[in-house]
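Peer 1: This is the structure I have questions about; it appears just below.
The values are calculated or read from the model by the stated rules, or taken from the named source; none is laboratory data. Note that this is a predicted model, so its numbers are computed, not measured. Neighbour counts run over all protein chains shown; Cβ positions are idealised from the backbone, glycine included. Accessible surface areas use protein heavy atoms only, side chains included; no ligands, DNA or RNA. Shrake-Rupley method; radii C 1.70, N 1.55, O 1.52, S 1.80 Å.
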Amino acid sequence: MKRVNEKAKALASSMKDISEGLLGKLLEGNSLGKNLEPGAAERLLEEGANGCGLEDCARCGSCKARCPLYDMTGNEAFSPRGRLMLLRGLAQGGIPPSEGLLARIFSCTLCGRCDVSCPVGIKPTEFIYRGRDALRKLDSKRLLTRTALRVGLGRPALGMSAARFITGFKHDLLRRIVPRLPQGLNIPERQLKSGHQVITPKKAVGRVAVFAGCAANYLMPETGEDLISMLLAAGYEVVLPGGEVCCGMPLRGLGLADEAGKFAEKNLEIFGKLNVEAVVSPCSTCAYMLKKRYPELAGGAVDNAMDAVEFLLGADRFKPGPGMAEKAGPRLIWHEPCHLKYGLGFNAGPFLRLLNIDKPEDEGCCGFGSFLTDKETSQEMLSKRVEVYKKDAGIVVTACPGCRIQLESGGLKTMHILELMEKAFPVSARQEKMAG
Ligand code: SF4
Ligand code: SF4
């Protein structure tokens, strides 16, 4: 019996080699003629989440059925299954690094649909991130982007000043001592020696911290203010910790795990120690990074990190004003951030009716996830979204500043769901909550 099993394994293994070999041969583009750096192949072959490694892929294709890149290209090598096969071949030496291979590994939007589809428990994105780490030194195409991000995120005030100059936004959220307060409320605020800002309502029901993230801090401060306003209105003391740095996702996506790890360690040191009910972010991707991806980067997670929508809607901390569901105006269409649904596992669907938001006929990824690594793919995915949302007309509502940037670049009118919720939360309810 043992011998039969061994033969079956050997046959399965040789079939894997054949299909990987074929997939490798179909890659276009020049071979890079270079080898991976020492240790990179071993790292690729290490077990990941749930004790699963590249060898455990059963080739069932469940992940591929949900991949937006496979849907768009119809090409196996652009599917999660294909990428895992290529990475296995790369790690074992059967597939050499080439331009075609880089294109497959860096075009993925890291949406995470494949991570929730695998019956074996494999998380394909984990290996795609590792593949990017392994290939980064051979990848001259994205060298400039990596350098710019290293410099820009290392000195965010400078980098974002440039971004603000271009976009016309005026101020940083975290630099303002007094955020815009809910109308009709007079909430005292104080600055602590630790560098944290703490804003306390008259009668607090709990305490939360805000992880603003680069986009809400520097480019869309009004979104962060809407969040603070709503947390105060719901009766929460709000902590804005000093020293927050980028969540690290842009660096991680480019294969710069070491640099992203340094950002993760810094945030973990600040946010991991706070005595708060939750660390709430107006950016789904930031919350996902803090909670789900920090363990592989920094050996620990901000376990109580949550997307703002998840915190406010999911636990019934938000009640829209009467008549909100019937309110007239432009049609509101929901754009689901991938990292909210597939990364954090929060389904906003049941709450959308409360806010008069419709779901589109066809849901999908906006492509922002590959904006820095494969602009062409990112634009193709955006075009598809623009086509769908233009057909549905109205304003596109979402929970991720990154999705907003992407969708607006495609000419769509967008709004963060927190803005809508802030408007919908009646002042009278806030006053009642704050009374006494
Ligand atoms: S993360 Fe998304 S785009 Fe990338 S392989 Fe998985 S499903 Fe496809
Ligand atoms: S769903 Fe899992 S086992 Fe099936 S092909 Fe994808 S990674 Fe492999």
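Peer 1: How high is the relative contact order of the range 324-425, in percent, with contacts defined as C-alpha pairs under 8 Å that are six or more residues apart? Could the numbers behind the result be given before it?
Peer 2: Working: 145 pairs, mean separation 30.6, N = 102.
Reported as a whole number, the value is 30 percent.
Peer 1: Give the ranking of H339, H416 by solvent-accessible surface, highest area first, calculated with a 1.4 Å probe.
Peer 2: H339, H416
Peer 1: Taking the Cβ-Cβ separation of E55 and K202 as r and a Förster radius of 41 Å, what is the calculated FRET efficiency to the nearest 0.05?
Peer 2: So the FRET efficiency works out to roughly 0.10.
Peer 1: In nm, what is the difference between 0.36 nm times the number of residues separating N347 and T145 and their Cα-Cα distance?
Peer 2: Here the answer is 69.4 nm.
Peer 1: What FRET efficiency do you get for D358 and L32 if R0 is 35 Å and r is their Cβ-Cβ distance, rounded to the nearest 0.05?
Peer 2: 0.15
Peer 1: Hey, another quick one. Counting other Cβ atoms within 10 Å, which trypsin sites (Lys or Arg not before Pro) in the range 210-303 have at most 15 and lie in a DSSP loop?
Peer 2: Sites meeting the loop and neighbour criteria: K273.
Peer 1: Sorted by mean Cβ packing within 10 Å, highest first, what order do the peptides 39-48, 215-224 take? Intermediate values should be presented prior to the final figure.
Peer 2: On the way: 39-48: 14.9, 215-224: 24.1.
The densest-packed peptide leads the list: 215-224, 39-48.
Peer 1: Charges at C-beta only: +1 for Lys and Arg, -1 for Asp and Glu. How large is the resulting dipole of the range 44-118 about its Cα centre, in Debye rounded to 20?
Peer 2: 240 debye
Peer 1: Using only the heavy atoms of the protein chains and a 1.4 Å probe, how would F371, F78, F271 rank by accessible area, largest first?
Peer 2: Largest accessible area first, the list is F371, F78, F271.
Peer 1: Related question: Sorting check: for 403-409, 130-136, which peptide has the highest mean count of neighbouring beta carbons within 10 Å, and how do the rest follow?
Peer 2: For the peptides 403-409, 130-136, the packing ranking is 130-136, 403-409.
Peer 1: Please sort 243-251, 95-103 by packing, taking for each peptide the average over its residues of neighbouring beta carbons within 10 angstrom, highest first.
Peer 2: Ranked from most to least packed, the peptides come out as 243-251, 95-103.
Peer 1: Could you tell me which GluC sites (Glu not before Pro) in the range 257-364 are loop residues by DSSP with no more than 11 other beta carbons within 10 angstrom of their beta carbon?
Peer 2: Numbers: sites: E259, E265, E269, E277, E296, E310, E326, E361, E363; in loops: E277, E361, E363.
In loop regions of the range 257-364 (DSSP not H, G, I, E or B), the sparsely surrounded GluC sites (Glu not before Pro) are E361.
Peer 1: Moving to a separate point now. Of all accessible surface on the range 53-154 at a 1.4 Å probe, what whole percent is carbon and sulfur?
Peer 2: The nonpolar share, carbon plus sulfur, comes to 55 percent.
Peer 1: Now, a different point. Using modelled backbone amide H atoms (1.01 Å from N, in-plane), which distant-in-sequence or interchain residues come within less than 5 Å of G48's amide H?
Peer 2: Distant-sequence amide H within range of G48: G53.
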